[in-house]
Amino acid sequence: MYKLTVIVAALFFCKVQSAEDVRPSVVPIISETIALEEDGNFHYSYETGDGIKAHEEGTLKKVNDQLVESVSGGFEYTAPDGKPISISYVADETGYHPVGDSIPPVPAPITKLLQYLEAHPELQRPSGELTS
């Protein structure tokens, strides 16, 4: 029984030590700007002490007599392997469109399928769902 108590106490001590080791450090905000305008437009940016940077701006525009939001921006950080990551994007009525060297290419079969669907609009319903 004594051995079991010692083993449990040792495991508990190891767990407490490891929990303290992974406690996140406080990362300072180096800069931050936020602007919200009455017409619905906005922009923000920030940079943290660990090298993360982000910025975004949004505007309202008319598409087919409807107001839709168009957003563009980007972010940067360093991956755990030390590689710098930089992504820019646009998001609007056509979807989210990221650009960056770290984004893997669309697999060839998916590209081929998308091209096929674009060439055969009769296979799609107005909502974008495929017909059965």
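The values are calculated or read from the model by the stated rules, or taken from the named source; none is laboratory data. This is a predicted model, so every value here is computed, not measured. Heads up, the Cβs are rebuilt from the backbone with ideal geometry, glycines too, and the neighbour counts pull from every protein chain shown.
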Within the range 50-69, tally of residues that are farther than 19 Å from Ile103 by Cα, in a loop (DSSP other than H, G, I, E, B) and not small (Gly, Ala, Ser): 3
Answer from Glu47, Glu32 - the residue that is modelled with pLDDT of 95 or more, in contact with a Lys or Arg (Cβ under 9 Å, 6 or more places away or on another chain) and part of a strand (DSSP E or B): Glu47
Residues of the range 54-91 satisfying the condition of being aromatic (Phe, Trp, Tyr) and within 22 Å of Ile30 (Cβ to Cβ): Phe75, Tyr77
Single residue of the range 107-129 satisfying the filter (aliphatic (A, V, I, L, M) and exposed (fewer than 10 other Cβ atoms within 10 Å of the Cβ)) that is modelled with the highest pLDDT: Ala108
Residue in the range 70-86 that is surrounded by fewer than 14 Cβ atoms within 10 Å (Cβ to Cβ) and in a helix (DSSP H, G or I) present: no
Considering residues of the range 60-86 that are more than 24 Å from Leu36 (Cβ to Cβ) and among the hydrophobic types (A, V, I, L, M, F, W, C) only, the residue nearest to the chain's Cα centre (by Cα): Ile85
